[in-house]
1. For Glu203, all conditions in the list (1) buried (at least 20 other Cβ atoms within 10 Å of the Cβ); (2) in contact with a helix residue (DSSP H, G or I) (Cβ under 6 Å, 6 or more places away or on another chain) hold save one; what is the number of the exception?
2. When you go through Val164, Val111, Val140 one by one, which is the residue that is surrounded by 16 or more Cβ atoms within 10 Å (Cβ to Cβ), closer than 25 Å to Ala207 by Cα and within 18 Å of the chain's Cα centre (by Cα)?
3. Please state which one of Leu157, Leu135, Leu92, Leu68 is outside any helix (DSSP H, G or I) and of a type in the set (A, V, I, L, M).
4. Any idea which of (1) in a helix (DSSP H, G or I); (2) over 30 Å from Thr193 (Cβ atoms); (3) at pLDDT below 95 is the one Met1 doesn't satisfy?
Amino acid sequence: MPKLVDHDRRRAELAQAAIRVILREGLAGVTVRGVAAEAGWSTGSLRHYFRNQHDLQSHVIQATIDILRQRVFTRIERPRTHGTLVEQVASLVEEMLPFDDERREEYVLWVAVVEWERRHPPAGGSVTWKEQRALYRQCVAILRGYDFARVLEQARLPHPDTHVELWAALLHTFVDGLASQLMNTPDEVSAGTATQLLRSLLEAVAALPSVSPAPKRSIFPSSGPQS
């Protein structure tokens with residue numbers, strides 16, 4: 001009887017091997033030969049699943065995006081009930097900053113996704129960028145007195161308050177730059193410095209005239225934003 005092969009499982013194993021390569025060498029290291037060596041396969045066996053390097057990298061990038069979503073969404077959806085509203089929002093935004101080994105790994109994977117999208121621009125634009133902007137839009141909206149969007153698709157849409165859109169863009173740019181400095185110049189920008197800078201920016205946003213009293217409930221309750 002011929003041996004049954006779980007092809008989906010094998011593709012997943014190859015993706016995991018490729019992600020280990022990304023963490024060491026970046027997207028450039030994800031070659032048929034390099035991933036085959038990492039997985040302990042022959043290049044011929046790997047080509048049974050992926051015709052060329054483009055197909056391999058495309059599959060790996062999607063697997064990487066799925067991993068990032070699972071990791072980050074799980075953390076940001078945790079209820080936050082302690083501290084001031086600024087402190088709660090700061091703790092949420094800090095999930096995007098490379099403060100520990102797990103988040104530093106996520107940063108490296110995110111850079112690989114960005115590099116892939118630069119080479120192969122998605123038809124509808126960067127999904128990961130839009131999801132990040134939605135998160136920052138939520139944070140700014142909360143600080144300005146709006147309730148959070150319970151449906152993630154709603155958070156992806158431009159907010160009717162133009163100040164929310166402006167400060168969401170500023171926060172997005174600020175966090176990306178801060179993450180880069182934490183990764184690339186850690187001797188110049190420590191985690192403590194990054195925390196202080198982030199809170200200073202969020203306090204400035206919170207100090208703007210708001211449309212209504214800030215909500216007293218926790219940020220992103222256990223039900224979390226729904227996709």
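1. The single condition Glu203 does not satisfy is (1).
2. Details: Val164 fails: within 18 Å of the chain's Cα centre (by Cα); Val111 fails: closer than 25 Å to Ala207 by Cα.
Going through Val164, Val111, Val140 in turn, just one is surrounded by 16 or more Cβ atoms within 10 Å (Cβ to Cβ), closer than 25 Å to Ala207 by Cα and within 18 Å of the chain's Cα centre (by Cα): Val140.
3. Details: Leu135 fails: outside any helix (DSSP H, G or I); Leu92 fails: outside any helix (DSSP H, G or I); Leu68 fails: outside any helix (DSSP H, G or I).
When all the criteria are applied, what remains is Leu157.
4. (1)
Conditions tested, residue by residue: (1) of a type in the set (Val, Ile, Thr); (2) within 29 Å of Asp187 (Cβ to Cβ); (3) out of contact with any Phe, Trp or Tyr (no Cβ under 9 Å at 6 or more places or on another chain).
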site: Glu106; (1), (2), (3): no, yes, yes
site: Leu109; (1), (2), (3): no, yes, yes
site: Glu115; (1), (2), (3): no, yes, yes
site: Ser126; (1), (2), (3): no, no, yes
site: Val140; (1), (2), (3): yes, no, no
site: Leu143; (1), (2), (3): no, no, no
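Yes/no matrix, rows are residues, columns are (1) touching a His at 6+ places or on another chain (Cβ under 6 Å); (2) under 21 Å from Val111 (Cβ atoms); (3) aliphatic (A, V, I, L, M); (4) touching a residue at least 24 places away in the same chain (Cβ under 8 Å):
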site	(1), (2), (3), (4)
His59	no, yes, no, yes
Ala63	no, yes, yes, yes
Gln70	no, yes, no, no
Pro79	no, no, no, yes
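The values are calculated or read from the model by the stated rules, or taken from the named source; none is laboratory data. No experiment lies behind these values; they were computed from the predicted model shown. Here Cβ is always computed from backbone atoms with ideal geometry, including for glycine, and neighbour counts include all displayed protein chains.
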